[in-house]
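Since the structure comes first, as structure tokens, the remarks are kept for the end.
The values are calculated or read from the model by the stated rules, or taken from the named source; none is laboratory data. These figures come from a predicted structure and were not determined experimentally. Methodologically, a virtual Cβ is constructed for each residue, glycine included, from the backbone with ideal geometry; neighbour enumeration extends over all protein chains shown.
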Amino acid sequence: MIPEHAPTVHELLAFYLEAGVDCALSDAPVDRLSEEAVVEERPAASAVRPALRTSATAAVPPAAPVRYTAASPHADAAPAPDVAISSARDAARTAATLEDLRALLDAFDGCALKFTATKLVFADGKPEARIMFVGEAPGRDEDIEGLPFVGRSGKLLDLMIGAIGLKRSDVYIANVIPWRPPGNRTPTPQETQICLPFIQRQIELVDPDILVTMGNPSTQTLLKTREGIMRTRGKWIGYDTGRRQIRAMPTFHPAYLLRSPSYKRLAWQDFRAIRTALAVPASA
Ligand code: URA
């Protein structure tokens with residue numbers, strides 16, 4: 001149907017909101033139809049800003065010319081994925097403390113998600129916690145506050161943690177990806193691989209007795225499995241922190257439980273197993 005009048009700005013914004021558009025990626029629109037698929041060829045940039053380059057990160061070998069595509073408005077800001085992954089590995093292993101790791105992530109330009117996110121969402125809770133929960137990636141509320149799991153699924157996670165006698169301040173909470181993907185889209189495999197060394201180092205530095213992976217992306221990425229959460233949940237799996245083997249428990253993501261409340265019964269079984277495991281002293 002042809003509209004009777006050109007839409008007003010207000011009508012257009014209302015349309016975008018209804019369609020789920022909730023953030024702008026750049027100030028000006030980009031006509032992708034008029035762009036060449038390949039913009040230019042140039043050497044890949046290093047992923048870590050010079051100020052934070054260390055002897056380890058400085059050792060990243062210069063890469064061959066990389067083809068940049070017009071797929072992202074920030075394609076010129078982020079290096080090629082293989083360069084970014086090796087730079088992330090080098091940077092993450094230099095972090096001696098969680099504060100170092102946060103600073104390194106803040107300075108890391110290798111993941112394009114950083115440029116569309118409002119804030120880095122590093123972690124919440126107690127760094128000395130015996131139990132660490134890891135989700136997928138921040139959503140809108142987390143992006144605004146700079147803290148993981150503060151929106152609707154975070155409220156449910158708080159209740160689940162409370163049900164085993166703990167508070168948010170007793171546990172440590174993080175995500176595989178520390179920046180919100182625009183519009184809450186699924187992170188690409190490259191984005192996940194670029195962020196992986198940082199969350200692995202974060203787990204190593206927190207060194208919990210129990211790691212809880214919430215949902216498929218976190219479970220499959222951290223526990224190196226292709227099995228779906230329906231099969232993996234509720235079963236203890238060994239996770240090598242780099243220093244020692246700890247117990248990992250996959251369970252449902254709270255956002256999934258909000259959509260499918262009938263699975264809360266199974267999640268409760270998982271949390272009861274976690275409570276039992278926590279009752280055993282760390283040295284046992
Ligand atoms: N979902 C996640 O996986 N992480 C958050 O921090 C919030 C929602």
Exception for TYR68 within (1) under 18 Å from the mean Cα position of the chain (by Cα); (2) at pLDDT below 50 falls at (1)
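Being more than 6 Å from the ligand (Cβ to nearest atom) and within 22 Å of GLN220 (Cα to Cα) is the filter here, so list the residues in the range 131-142 that pass it. Break it down into steps so the answer makes sense when it comes.
Taking the range 131-142 and keeping what is more than 6 Å from the ligand (Cβ to nearest atom), we get 131-134, 140-141.
Residues satisfying the conditions are ILE131, MET132, PHE133, VAL134.
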By residue number, the members of the range 90-139 that are outside any helix (DSSP H, G or I) and of a type in the set (A, V, I, L, M) are ALA95, ALA96, ALA112, ALA117, LEU120, VAL121, ALA123, ALA129, ILE131, MET132, VAL134, ALA137
Flagged in the range 92-110 as within 16 Å of the ligand (Cβ to nearest atom) and either over 24 Å from GLY242 (Cα atoms) or among the charged types (D, E, K, R) (or both), in numbering order, are ARG102
Scanning the range 121-146 residue by residue, the ones that are within 10 Å of the chain's Cα centre (by Cα) and aliphatic (A, V, I, L, M) total 3
Exactly one of LEU98, LEU156 is in contact (Cβ under 8 Å) with a residue 12 or more places away in the chain and surrounded by fewer than 19 Cβ atoms within 10 Å (Cβ to Cβ), and that residue is LEU98
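Which one of these is among the basic types (Lys, Arg), away from the ligand (no atom under 13 Å from the Cβ), in contact (Cβ under 8 Å) with a residue 24 or more places away in the chain and surrounded by fewer than 22 Cβ atoms within 10 Å (Cβ to Cβ): LYS119, LYS126, LYS167?
Details: LYS119 fails: away from the ligand (no atom under 13 Å from the Cβ); LYS167 fails: in contact (Cβ under 8 Å) with a residue 24 or more places away in the chain.
Exactly one of LYS119, LYS126, LYS167 is among the basic types (Lys, Arg), away from the ligand (no atom under 13 Å from the Cβ), in contact (Cβ under 8 Å) with a residue 24 or more places away in the chain and surrounded by fewer than 22 Cβ atoms within 10 Å (Cβ to Cβ), namely LYS126.
Somewhere in the range 203-211, is a residue in contact with a Ser or Thr (Cβ under 9 Å, 6 or more places away or on another chain) and acidic (Asp, Glu)?
Here is the first cut: in the range 203-211, the residues in contact with a Ser or Thr (Cβ under 9 Å, 6 or more places away or on another chain) are 203-208, 211.
Next, only the ones that are acidic (Asp, Glu) stay: 204, 207.
Yes, the conditions are met somewhere in the range 203-211.
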- Does GLY183 fit the bill of being in a loop (DSSP other than H, G, I, E, B) and in contact (Cβ under 8 Å) with a residue 12 or more places away in the chain? no
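Would you be able to tell me the number of residues in the range 85-95 that are in contact with a Ser or Thr (Cβ under 9 Å, 6 or more places away or on another chain) and crowded, with 21+ Cβ neighbours inside 10 Å? Before the answer, list the steps.
Step one: list which residues in the range 85-95 are in contact with a Ser or Thr (Cβ under 9 Å, 6 or more places away or on another chain), which gives 87, 90-91, 94.
Now narrow it down to the ones that are crowded, with 21+ Cβ neighbours inside 10 Å: 87, 90-91.
Of the residues in the range 85-95, 3 are in contact with a Ser or Thr (Cβ under 9 Å, 6 or more places away or on another chain) and crowded, with 21+ Cβ neighbours inside 10 Å.
If a residue counts only when it is touching a residue at least 40 places away in the same chain (Cβ under 8 Å), away from the ligand (no atom under 16 Å from the Cβ) and under 26 Å from GLY151 (Cα atoms), which helices (runs of 4 or more DSSP H) contained entirely in the range 222-284 have at least 1 such residues? Even if it seems obvious, please write down each step before you answer.
Details: elements: 229-232, 254-259, 264-279.
In the range 222-284, the matching helices (runs of 4 or more DSSP H) lie at 264-279.
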